[in-house]
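> There's a structure below that I have some questions on.
The values are calculated or read from the model by the stated rules, or taken from the named source; none is laboratory data. Fair warning: this is a prediction, and the values are worked out from it, not measured in the lab. Here Cβ is always computed from backbone atoms with ideal geometry, including for glycine, and neighbour counts include all displayed protein chains.
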Amino acid sequence: MTETTSAKRRLGLRSFRAKFLIVVGGAVLFDLMVSGGLALWNVQRLSRNATTEVGQGLEKASQDYISSYVNSTATQVGLLINQVHSDVKALAGVLQAQIDDPTRSGAIGSAMDKASPGTVTVTYDPVGQWAQNAPGTPSVISVWGYLLDKDHRPLPQVQADIEWSAVLDLVAPSLLHNGASKLQMYYIGPRERPIFRTAPYTTQAQTFDKLYPGHNSADFWTFFFPGLYESWQQWASSPSSRPVADYITQTAPYTDAITGKLIVSFFHPLWTSDRQHVAGAAGADITLTQLAEIVENVKVAQSGFGFLTMSNGNVVAINPIGEKTLGLRAASDAAAKGVTGLDRSLRNSLQKAVTTLPLDADGVIQHISLTEQGEAVPYLVVIKQLRPTNLWVEGPIQREVMSLGIVVPEREIYASLIAAKEEISRATNRILLYQIMAVLVSLMIVTAAVFAASKRVTGGISALATAAKRIQAKDYSVRVDISTQDEVGEAGIAFNRMAEDISFHTENLEKLVSDRTQEIEAAKEEISILNGQLKSENLRLAAELNVARQIQLMVLPRAKELAANKNMEIAAYMRPADEVGGDYYDVLQNGSNLKIGIGDVTGHGLESGVLMLMVQSIARALQEAGEMDPAKFLADLNRTIFKNIERTRTDKHLTLSFLDYDGKRLTISGQHEDMIIVRKDGRVERIETGDLGFPVGLEPDIASFIATREIAFEKGDMIVLHTDGVTEAENLKGELFGFERLLEDARRLHGGSAEEVVKGILDHLMTYIGTQKIHDDITLVVMRHR
């Protein structure tokens, strides 16, 4: 009866084993359910995140590919146009030399007359009432009726123009054969003598009679190119009136009278020897086929295409598929006189999204929707603007920026993205299934393990509970004997050691407290001494850095030095990132010679500041010694600095540029950051110094690397010098201030004094930085020619 009761008590819900099974089993079950649920949730979240990350990565890669493609294609178009510009300028240079040297022109004309009479001899055509040379020569020369005398011979000055312009026969064939492919090259005389010489030979005048009735009795320039000649004449009196700072003038695409092809003409005006009037023009024609081949060969994904458009939206090159996709409608402007243009405008597209497409969104990927077979299809569009040119359409010459566009369906460019998302989804479903199966199997194994281990665990725990009660009763001699080799057995061993430690520490507690107290007192005294030494060392270092900073500030140019040159207004600012900076600037005056230096030592701090002081001292010594040659000045300074760096065993060096001004010329030498020049009229120029020198202190002799460059520096002009601490300053988002913001500030502030410009730039810079830490020294120097 007693054994049965005992068994019931052991197996009842109040027994330790039952509680163990309930608590441990329930906890394990709960843990498995929670961990399994979290695992499943994390798998799903991982899937979503992976899909997002992969999608963003593939989307960026695809967009980068499109941007790179449009940039490379734009470069090809630009190279073609630049080559034609170069050839036209070469022809214009030869013809201009003829105009500028009448003696040589006469000699060349006589030589051409003797060597090839057909080049300078023209025959009157009674039907057309014009004169033209016979076939068989490299070029055709057409002389209109109003340039002939009563005997139908060219007027004397016209004949002189015919003879000296024959030099085109020597130059044009080579230019046509080499470089960019050109349809024809030609010379057109001035308004009062507009003879027309074209290579290669064509039936020029006959074609004009057929297509342009009345041209033979009208002013050539006004008839064919109204407003073009007048614009050039304005350039002669005011070069700054050019829309783009180049003399090359491009026409809008038009139908060529001779070949019937769509062409673009490139003109370079010629000037009288005194440069006061227009003396005609050199020109070349290229067909739109040459531009179109580059654009029409664009192939992005399966059906992506390119197009080339004027700033007004008129598309000059596109393949037939692209023309249909964009809904373009072509129409020719068949005018009775002048050149015939082509109208195929984006603004007249059948697709509404195309009519409002912004052409000035340079490099920005745009998303548009085009209607195809009644459905909206998403497309990506990237527009890349080409170099600005002078454009004649009809009337005054205007500034023109053509744009290259790339169009590709989103479904094609993102095909790999869609496939990746589908594969991730399938993989996620497999992982979820395997995870559920793993949780169920783990649950079964853990349940069996709990039942198997409960008996072994409860026996050891009971022994530990009994021993713990004896410890509580201050019986420190108690020990437990647990024979199992599992964690409970290890707990028994640990309990026995704990009991021994308690017994030992109880008997020796007073002595241990005393020993620990003495150790703490000794440690406190040692810490106090070390704190005193550290405070003294910090004070010493702070004093040394403050002295170094004061020395550095002492050698900076004073206000009276900046104002010493009557022709120059100079303002400067320097702020070190640490107590001692590594930036250098100086203004050295020796008689009428003014030398302005700016540099940046690698890093900042004490070593950089000391090297900056060395540079200042050596530069002052060389200036006072009378060394006026900029290249030798920089080479001598480098040699001395290199030896000092070797002695100090540092790895510092610096970029360094000098500006030498003798009252007439401004000479730049040495390698540093790009300089900004703002002209009196507001034009901004960027002067690169990368090829003018070599970092100072890296090599013992840098004379072979040093070059100089002279630039114009006239009254009202302004120069801005800076170190990279300005352009590489960061805002709270980690974005750099950048060179473009500095350049824009210089353009915006150029009307003020040098001090106002420095203050304006610094105000913008400090506002941009905000509370962000300044990581590098900041130096800014502004020079204005009074």
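> Going by what's in this entry, would Gly697 be described as surrounded by fewer than 15 Cβ atoms within 10 Å (Cβ to Cβ) and at positive phi?
Answer is no for this residue.
> State whether one or more residues within the range 582-598 are surrounded by fewer than 18 Cβ atoms within 10 Å (Cβ to Cβ) and either under 31 Å from the mean Cα position of the chain (by Cα) or not assigned by TED's automatic domain parsing to the domain that holds Asp636 (or both).
For the range 582-598, residues surrounded by fewer than 18 Cβ atoms within 10 Å (Cβ to Cβ) and either under 31 Å from the mean Cα position of the chain (by Cα) or not assigned by TED's automatic domain parsing to the domain that holds Asp636 (or both): absent.
> Of all residues in the range 345-360, how many are touching a strand residue (DSSP E or B) at 6+ places or on another chain (Cβ under 8 Å) and loosely packed, with under 15 Cβ neighbours inside 10 Å?
Of the residues in that region, 2 qualify.
> Does the range 300-317 hold any residues that are among the aliphatic types (A, V, I, L, M), on the phi < 0 side of the Ramachandran plot and touching a helix residue (DSSP H, G or I) at 6+ places or on another chain (Cβ under 9 Å), and which are they?
Matches in the range 300-317: Val300, Leu308, Val315, Val316, Ala317.
> One residue is enough: does the range 670-683 have a residue meeting the conditions assigned to a strand (DSSP E or B) and modelled with pLDDT under 95?
Within the range 670-683, not a single residue is assigned to a strand (DSSP E or B) and modelled with pLDDT under 95.
> Counting only residues that are part of a loop (DSSP other than H, G, I, E, B) and touching a Leu at 6+ places or on another chain (Cβ under 8 Å), which one in the range 636-662 is farthest from Val782 (Cα to Cα)?
Thr650
> Out of Val488, Val441, Val478, Val457, I need the residue that is at pLDDT 75 or above and surrounded by 15 or more Cβ atoms within 10 Å (Cβ to Cβ). Which one?
Answer to the selection: Val478.
> For the range 684-786, list the helices (runs of 4 or more DSSP H) that sit wholly inside it and hold at least 2 residues that are in contact with a Leu (Cβ under 8 Å, 6 or more places away or on another chain) and touching a residue at least 24 places away in the same chain (Cβ under 8 Å); which are they?
Answer list for the range 684-786: 724-727, 754-769.
> Name the strands (runs of 3 or more DSSP E) wholly inside the range 121-172 in which the number of residues that are out of contact with any strand residue (DSSP E or B) (no Cβ under 9 Å at 6 or more places or on another chain) is 2 or more.
Strands (runs of 3 or more DSSP E) meeting the threshold: none at all.
> I want to confirm something. Restricting to the range 351-378 and keeping residues that are modelled with pLDDT under 90 and among the aliphatic types (A, V, I, L, M), which single residue is nearest to Gly405 (Cα to Cα)?
Out of the qualifying residues, it is Leu359.
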